[in-house]
1. For a test of the definition: using alpha carbon positions, the gyration tensor, and the 1.5 limit on a/c, classify chain B as rounded, prolate or oblate.
2. Heads up, I need the accessible area for B:His61: 1.4 angstrom probe, whole protein in place, Å², nearest 10.
3. Rounded if a/c is under 1.5, else prolate if a/b beats b/c, else oblate: with a ≥ b ≥ c from the C-alpha gyration tensor eigenvalues square-rooted, which is the range A:13-108?
4. Could you order B:Tyr106, A:Tyr192, A:Tyr59 by accessible surface area, starting with the largest, using a probe radius of 1.4 Å?
5. How much length is gained if the chain between B:Thr183 and B:Ala92 is pulled fully straight, taking 0.36 nm per residue apart and subtracting their Cα-Cα distance, in nm to one decimal?
6. Which trypsin sites (Lys or Arg not before Pro) in the range B:110-146 pass both tests, a DSSP loop state and at most 12 other beta-carbon atoms within 10 Å?
7. If the limit is 32 Å between Cα atoms, which of A:Lys55/B:Lys55; B:Lys98/B:Lys134; A:Lys134/B:Lys55 go over it?
8. Just how much of B:Met159 is accessible, in Å², when a 1.4 Å probe is used and the result is rounded to the nearest 10?
2 protein chains.
Amino acid sequence: MSSMPKKGQATEKRVRLSREQRLSQLLEVARRLVRDEGTDALTLPRLAEQAGVAKPVVYDHFRTRNGLLTALYQDFDARQTALIDAALEGSAPGLEEKASVIASSYVECVLAQGREIPGVLAALAGSPELETVKRDYQLDFIERCRTALAPFIGPRGVMQAGFWAMLGAADTLSNAAATGEITAQQAQDELYQTIVAMIERSNR
Amino acid sequence: MSSMPKKGQATEKRVRLSREQRLSQLLEVARRLVRDEGTDALTLPRLAEQAGVAKPVVYDHFRTRNGLLTALYQDFDARQTALIDAALEGSAPGLEEKASVIASSYVECVLAQGREIPGVLAALAGSPELETVKRDYQLDFIERCRTALAPFIGPRGVMQAGFWAMLGAADTLSNAAATGEITAQQAQDELYQTIVAMIERSNR
């Protein structure tokens, strides 16, 4: 080591990542840990070791294990939202198209999430962190749907409760498809019907 | 003690409960423990102490802490089912009446469950015991609804997916009412609409 050339700054062989890049690397390693060894294996020291960084780096990013789990869930939500937004933007402007895109992208996202997210949610169950993040995500999803469906909502309007019912249907249908109670196609078809029926009621 | 009269059998001051009565006493004490001190305070030794029974009695009934938590959840489900059954039986025979009874009794049951059941569910989250019991309860609820609504289902029929969507709406609407996002009345109204719309679609 002492024979290495000295510069004004300590020479680092490792690439220095930006804070954002580091976060995304840590989340990637955390996801892999959960996938390969289960949620119980995911601790902050273990993550530091696996990611090849000093422990304080990990603590600085997540503070607690719940903070890390919450960040994993938020990251999943953000990717799901981006996928649904992109699908909505690329779709034709009719009600059938919008309802169909919401239904298929929601079900597909849940089916694609693998075993990681259910494990993360189970580990966070009952924590105030999860309640807050989940509620924010639900309200955000409802707003996105309201915006996409706004051109088709009739004079009777759609109450917020209508969107909660739709969200509940989306969630339960996707989970029933994930556990094999019904097929993915049945889940998507039923969710599509639910959305169209909600809009039709507002026009009667 | 030695001056007490001896009989052929040891004289017991405690009333001997049947197995069923004992179970119901233990569940009652467990519920109170969870309500007063939270789910973390509920362990098998603690339950034995609070119920004034020997530890083996408690272990014999529940085997593990998860077994006890699962029993609490099942007990809640059974009471909820009994309430909905009674309400359905006492209602007039029309579609509007049946849909209205299902909607109002589901939302009321969730609102009445207090803080105990969410805590129990959080403690069981991700366990295979919970998955099985929950799925059984959901399928049972779907069957009850299918039976109550059977006279009104039209020639197009209602797929199983339709009932999953209804169940998801019921769950999410009730929870949104419990957290104050919407009112209980809005949750009931929306669930009523969801049920009636599902039946109407089968008649088109």
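1. Working: a/c = 2.77, a/b = 2.23, b/c = 1.24.
Because a/c hits 1.5 or more and a/b exceeds b/c, chain B counts as prolate.
2. 40 Å²
3. Details: a/c = 3.36, a/b = 2.31, b/c = 1.46.
It comes out prolate by the Cα gyration axes.
4. On the way: B:Tyr106 10, A:Tyr192 60, A:Tyr59 95 Å².
Sorted by accessible area, descending: A:Tyr59, A:Tyr192, B:Tyr106.
5. 30.2 nm
6. Working: sites: B:Arg115, B:Lys134, B:Arg135, B:Arg144, B:Arg146; in loops: B:Arg115.
Passing both the DSSP loop test and the Cβ count: B:Arg115.
7. Values: A:Lys55/B:Lys55 43 Å; B:Lys98/B:Lys134 24 Å; A:Lys134/B:Lys55 40 Å.
Violating the 32 Å limit, Cα to Cα: A:Lys55/B:Lys55; A:Lys134/B:Lys55.
8. Probe radius 1.4 Å; accessible area of B:Met159 about 110 Å².
The values are calculated or read from the model by the stated rules, or taken from the named source; none is laboratory data. All of these numbers come straight from a predicted model, not from anything done at the bench. Quick reminder, even Gly has a Cβ in these numbers, built from the backbone with ideal geometry, and neighbours come from all protein chains shown. Heads up: the accessible areas ignore ligands, DNA and RNA and are worked out on the full protein's heavy atoms, side chains in. Shrake-Rupley method; radii C 1.70, N 1.55, O 1.52, S 1.80 Å.
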